[in-house]
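The values are calculated or read from the model by the stated rules, or taken from the named source; none is laboratory data. Because the structure is predicted, anything quoted here is derived from the model rather than measured. Neighbour counts are summed over all protein chains in view; Cβ atoms, including those assigned to glycine, are modelled from backbone coordinates with ideal geometry. Note: accessible area is taken over every heavy atom of the protein model, side chains too, but ligands, DNA and RNA are not part of it. Shrake-Rupley method; radii C 1.70, N 1.55, O 1.52, S 1.80 Å.
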Amino acid sequence: MNIRPFTDDDAPVVAALISAEEERLYGRPGRLTGADILMFLHWSKEAWVWEEDGRMVASATYGVHGDAADIRGIVADKGRGLGTEIIDRGEAFARAEHAKKILLAAPEPDSAARALFESRGYREVRRFYSMAIELTEPPAEPALAEGLVVDGLHDDEYEAFYEALNESFAEHWEWHPTPFDEWLELRQGQHRDEHGPVWFVVRDGDELAGVTRNDASVAGGGYVGAIGVRPAWRGKGVAKALLQRTFAEFWRRGTTRVTLDVDSQNATGVVALYERVGMYVDSCGVAFEKANE
């Protein structure tokens, strides 16, 4: 068994492992691509692969968010203790980073992962839905109260967007804002591409009432990476309008599948909103936690 650092060339192989696992658990292949894996790796400090006879049999990433270490892994060869080894390495990483707690995640149907996590002292703390919509007709036009307007983000509004998004997510479970300069370095230029706007806002005069940060291509379709409404503007149809504008843009581009990820226990009741606009729960992931001792 050879254990080595992850390289960019490994991304398509990791995506294929995840796709095969989703097919095993959900009866349909996953849609992540190598490009998606590389995008997600921005949030990790370490990434490793396990290979045998030139074949990848497992992969893991380790990161830190706020006071929590985050362990993510995929194992192709079951029953060989690779999942245990991924956790062992992750817990050593957490100790080195002086994290106060450790978070793990697994697909809800994966009973073997749950059993392993619970045997190591982890407990379920949260569930997240991956929700999707398959657009079959032009989306409805956004309807907002007088004075509220849906628009694209202007080039000089990154800081206002950042502040609005963080205010919107301030009470979200495990929300730890990235410092603005780091966030800007990662996100600058993503608000639009050669086809047009990708991020949208709802304006109330000079204020940004709500924002959505979209990606034009994730998992084979459009992706709503973050959508938030500032507390003073909640209950006014802002989130719905942002979704409708997002759907309309992806429809215009010929992209008919749109997905997002959401905390199933979100205090704003946003899951019900997503269902009202036609989205459905495509899969469920479970987060587990334990103190770092």
Self-check item: Computed E for Asp9/Glu182 - FRET, C-beta separation, R0 22 angstrom, nearest 0.05
Solution: 0.25
Quiz item: For segment 9-96, what is the accessible area per residue in Å², given a 1.4 Å probe and the full set of protein chains?
Solution: 47
Quiz item: Hey, of (1) 19.8, 65; (2) 22.7, 71; (3) 18.3, 58, which did the structure itself give for Rg and Dmax of the Cα atoms in Å when calculated?
Solution: (1)
Practice problem: Kindly express, to the nearest 10 degrees and within the range 0 to 90, the angle between helix 82-96's C-alpha long axis and the longest C-alpha principal axis of the chain. | Solution: 70
Quiz item: Which residues' amide hydrogens lie under 5 Å from the amide hydrogen of Asn214, considering only partners 5 or more residues apart or on another chain, with H built in the peptide plane?
Solution: Trp199, Phe200, Gly225
Practice problem: Could you look at segment 53-179 and say what percent of its accessible area is carbon and sulfur, using a 1.4 Å probe and all protein chains? | Solution: 47
Quiz item: Per residue Cα convex hull volume for segment 28-184, in cubic angstrom?
Solution: 196
Quiz item: Given charges of +1 on the Cβ of Lys and Arg and -1 on the Cβ of Asp and Glu, with all other atoms neutral, how large is the dipole of the chain about its Cα centre, in debye to the nearest 20?
Solution: 880
Quiz item: Taking R0 as 35 Å, what's the FRET efficiency between Glu46 and Glu171 from their Cβ-Cβ distance, rounded to 0.05?
Solution: 0.70
Practice problem: May I ask for log10 I(q)/I(0) of segment 82-172 at q = 0.17 Å⁻¹, from a Debye sum over the Cα atoms as equal point scatterers with solvent left out? | Solution: -0.97
Self-check item: Residues in segment 160-190 reached by a label modelled at Val277 [backbone nitrogen below 17 Å; 7 Å Cα→Cβ]
Solution: 165, 168-169
Quiz prompt | For segment 209-289, alpha-carbon Rg and Dmax in angstrom | solution = 13.0, 42
Exercise. Answer with one residue from Ile37, Ala47, Ile86: the one whose Cα lies farthest towards the positive end of the charge dipole of segment 32-91, charges on Cβ with Lys, Arg +1 and Asp, Glu -1.
Key: Ile37
Quiz prompt | Highest-first arrangement of 162-168, 114-120, where packing means the average Cβ count within 10 Å | solution = 162-168, 114-120
Quiz prompt | Compactness index (Cα Rg / 2.2 N^0.38 Å), segment 1-120 | solution = 1.02
Quiz prompt | Selected from Ala226, Tyr26, Val57, residue furthest toward positive end of dipole (the chain; charges at beta carbon) | solution = Tyr26
Practice problem: May I have the count of lysine pairs in the chain with C-alpha atoms under 25 Å apart, counting pairs 8 or more residues apart or located on different chains? | Solution: 6
